[in-house]
Structures are given as C-alpha cells and as structure tokens.
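The values are calculated or read from the model by the stated rules, or taken from the named source; none is laboratory data. Remember, it's a predicted structure, so these values are computed and weren't measured experimentally. Because the Cβ atoms are built from the backbone with ideal geometry, glycine has one as well, and the counts that use them run over all protein chains shown. Protein only, heavy atoms only, side chains kept; ligands, DNA and RNA dropped before computing areas. Shrake-Rupley method; radii C 1.70, N 1.55, O 1.52, S 1.80 Å.
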Amino acid sequence: MCGITLLFDSDSWSGLTTRNDITQRMSNELLHRGMDQISVMNYQTVSVGFNRMAVTEIDSQQPSDQNWIVYLNGEIYNYKELGYKGNEVEVIAKGIEREGFKFINKLNGMFVIVAIHNEDVYVIRDRYGIKPFYYWRHRNKFIGASEIKAIIQHPKYEVNANGRAVKSWLTVCNQFDDQTLFEDIYTIPAGQIAHLNTGKMTQYHRCIFAPEPMDYQEAKREVRHLVIQAIERQRYRSDQSAAFVSGGLDSSIIRYVLNDITTITACYNGLDDERSQAK
C-alpha cells in the first residue's frame, strides 16, 4: 500500500509554491499509507505527493528516471517477465514509451499508475479497480488522491454530502458507479486511463463474462491450480510478506498454501472474537 496525491493545474493559477504547499498538505494526510519514502515533486503541470510502503525492490526509489515519469501504488506481479530491465516503475516507463498504453494490458497486478510525459499527465487504474483513486475537478484543476481525506484538505473544497450516493448506501450498503458519499468527488473507474489535460477517460479493459460448461472434477482442479498460482506469484514477488488470518475461508486457504508464512490476527473481545477460528 502506498499513497499518491496530485494537483494538476493546466493554467498554473496558483503558482508553483502554492501548488507545492497544497500538495504537501494533502500528502500529509496519507502518511499512514507508507513511510519508506515521502516526497513531493513538482513538474510542468502537476505536483505529486508520494508516500511509499516498500514491498518489492525495497532499496529503490520512485518515480522512474525515464522519459516517462512513473509513480506506482500497488504491485506488478509479472514485471520481470515483460522484457524490460529495471524495477517495477522503470519497466512500466519503458513499456509505455516503446509500446504505448497497450502495454498496460500486459500488466498482471493491482495498481494505480501516474504517468507523466512533458505536460501530459495520465492516471491509470487496474482492470478490476482493486487500488482506489479519487478525484475532484475545480475549474482547470484536477485534484486526486488515494483517499478522500487528502482531497478535502484542499482549501477550495467545501465538504457536502452527495445525496444520490447516500440513498444508494442506505438502500444497498454499496455504491456501484463512480460516485462517492462526498459531493463532486468521484472515483476513476476500473480499467480506465484518465488523461488529465483533456479530461478524457479511455477504457483499456472490459470484463466479459461468458461461462462455458465444464466437468465438475475438471473445474475443481482448475480452481485449485489458479488459486495456488495467484497466491504463490504474489508471495514470491514480494521481499516481505505475511498473512492476515481471520479464520474465514479466504485467509485459511492462503495460510494452507503458504504453510511457512508469518500470520497476524486482530482479536476482539465479545461476539466478534474470531481467535478460535483463526487458530
């Protein structure tokens, strides 16, 4: 988990110093997302705050130093197999430069990527929307962050409830589109690339559900294979890992596959105590 904040300003209304100060103020709200690297960097049209929690390539730093400047929140599990040398952000930068954004379809992982090339700034969200990214548009500015609490630190934002989202939440305890409970704050949809200069969003991936009949025993073998493959791929691409065990089905399977991993359980007294199941 890392934290990204950014303030894109196409007409530089506030000047670099003010833009930097606002980004720093926003970024301070996300310190809990990572303390391994804390920075605010200024580019032609955007300031980016970054709070890193290092999982792979622990001694490396972000962003990349390629022609494309890249920040990453998340993990790319197959970056060593994509044909480019370097750490995750270096591989992404080289891939985008040489192959364009079709390269994103090759990434296996969970991610939000900020990619900067001269004045152009892009935010890319993974195909299933595992990693979050929120934004608010104010005139010619795009204010974005990994958590809403950073956006509301902007001095121009006034906190109000989004009535439409509140109704949805009170009805089904969920929100199914790009709305949030905060007025005028939205999420970048899963599988999309946002070009901040134009406001255009491009969908690079669309989930298509087209099931075919399968023999029950074959289905069991395939599910087992895919689950074990996914768990091992994530574990062995990380320089440090542990399993958070609740006693439920998902965490029990992970612990079963990785039988030598450190486990962590949060315990509560009373009806919600799951210590016995976790043990």
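What to note about this one:
- Residue check for residue 83: at positive phi and part of a loop (DSSP other than H, G, I, E, B): yes
- Residues of the stretch 159-179 classified as part of a strand (DSSP E or B) and aliphatic (A, V, I, L, M), total: 1
- Which numbered condition residue 108 misses (of (1) at pLDDT 95 or above; (2) over 11 Å from the mean Cα position of the chain (by Cα)): (1)
- Of all residue pairs spaced 6 or more apart or on separate chains, those with beta-carbon atoms under 6 Å, a first member in the stretch 266-279 that is at pLDDT 80 or above and a second member that is assigned to a helix (DSSP H, G or I) and surrounded by 10 or more Cβ atoms within 10 Å (Cβ to Cβ) are 267/275.
- Any hit, the stretch 96-118, residues being touching a Cys at 6+ places or on another chain (Cβ under 6 Å), in contact (Cβ under 8 Å) with a residue 40 or more places away in the chain, buried (at least 18 other Cβ atoms within 10 Å of the Cβ) and under 30 Å from residue 207 (Cβ atoms): no
- Odd one out for residue 185, checked against (1) more than 26 Å from residue 122 (Cβ to Cβ); (2) β-branched (Val, Ile, Thr); (3) touching a helix residue (DSSP H, G or I) at 6+ places or on another chain (Cβ under 7 Å): (1)
- 1 or more residues open to solvent by 70 Å² or more (accessible area, probe 1.4 Å): qualifying strands (runs of 3 or more DSSP E) within the stretch 180-270: 200-203
- Within the stretch 120-134, the residues that satisfy the criterion of being under 13 Å from the mean Cα position of the chain (by Cα) and of a type outside the set (A, V, I, L, M, F, W, C) are 125, 126, 127, 128, 129, 131, 132, 134.
- Of 156, 131, all but one fail to be open to solvent by less than 30 Å² (accessible area, probe 1.4 Å), part of a loop (DSSP other than H, G, I, E, B) and of a type in the set (D, E, K, R); the exception is 131.
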